[in-house]
Amino acid sequence: MSHILGIKFRDHGQVYYFDSGPFVVALGDDVLVQTEQGLGMGRVFVVRDTPPEAADGQEIKPIFRLPTQEDVDARRENDQLGRDAHAWCRKCIETRNLEMKLVDVEVLHDRSKIVFYFTAPGRVDFRELVKDLVKAYHTRIELRQIGVRHETQMLGAIGNCGQICCCRRFMRKFAPVTIKMAKEQNLFLNPTKISGICGRLLCCLSFEQENYEQFQRKCPRVGKKFSTGFGMAKVLRTNLFRETVTVLDEAGDERELTVEEWTQAVEARPAVIEGVGEAPAAPRPDAPRPEGARSEGPRPEAPRADAARSDSARPDGPRSDSRGEPRRSDGQPGERRGSGRDQGREQGRDADRKRSPA
């Protein structure tokens, strides 16, 4: 009966699944498999009867064969070649004054290619470096730039918790981590406390994030006030591990309740005093109305403006009294429009008559 084998080509590498085929393979054995880059030698880390969910939809190929003594000797020689290539490449980097840091070197089983892993703050022109390496080893050379997280994964380190870094021990893919996760988990936002050896946010912040999100859905929001069976209470904090809610009652005492006790104590529709998105409670019908309060009843309909306007008056004409005389804004009778102009004309005609000869 064949089994599904989880194989890793490097201790910190990803797990690839193959079928054991007719071979009898145990945990920890070395096998030869055919990869996209050529023949590779890996070690069995997982033995399963059925394919895992991670390999769903992927073609699981059989292993090529079991290694011989020559394959074991070739692997030992490749490891030594990788160490020598690492030292030579570092020397070339220093000679050419390139702004890059060499992390690791991988030699394929058949020596068809050597891969150099490095980190750099930006783009690096390493064309001359590749020529030096090709001239020294007479094979295909690949320089692959990686990030600081992959660097820590390859080299290994001890985290702030005193354990081997998760990326080195069991993580194969990096999940996105945000500062919002640290806030939702009520962590002190100290960069030295929430950052790993690589200088990025701790990968373990994403491990329990789903549990925190589920717990927050059952708990009230911190800072709000609710009407409960023992009076008004303000939510101070919540505790995921104990599954409790700590509130401040009207007497100024703190009470720690479980989520179930809080659900029973709070009313069906809490009256939120401090918060956003809640409408204020309606006043009771029998409650006394304070002086100066506006009535909530229907307002009387205001008289229409066009009803008070005279039918004979123009909409944009001047206001006039009952005698038809225009009035000023202070209520006094005003002059008709154009009266000053007519008087000026009469005075001009009188002056012309006096100057004309008899």
Check your understanding: Conditions: (1) more than 30 Å from Gln216 (Cα to Cα); (2) modelled with pLDDT of 90 or more. Gln163 meets all but one. Number of the miss?
Key -> (1)
Review point. Looking at the range 219-242, which of the residues that are part of a loop (DSSP other than H, G, I, E, B) and in contact with a strand residue (DSSP E or B) (Cβ under 6 Å, 6 or more places away or on another chain) is nearest to Glu208 (Cα to Cα)?
Key: Cys219
Review point. Given the residues Ile60, Ile7, which is the only one that is part of a strand (DSSP E or B) and either over 28 Å from Val130 (Cα atoms) or touching a residue at least 60 places away in the same chain (Cβ under 8 Å) (or both)?
Key: Ile7
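The values are calculated or read from the model by the stated rules, or taken from the named source; none is laboratory data. Treat the numbers as computed from the prediction; the structure is a model and nothing was measured. Backbone-built Cβ (ideal geometry, glycine too); neighbour counts: all protein chains shown.
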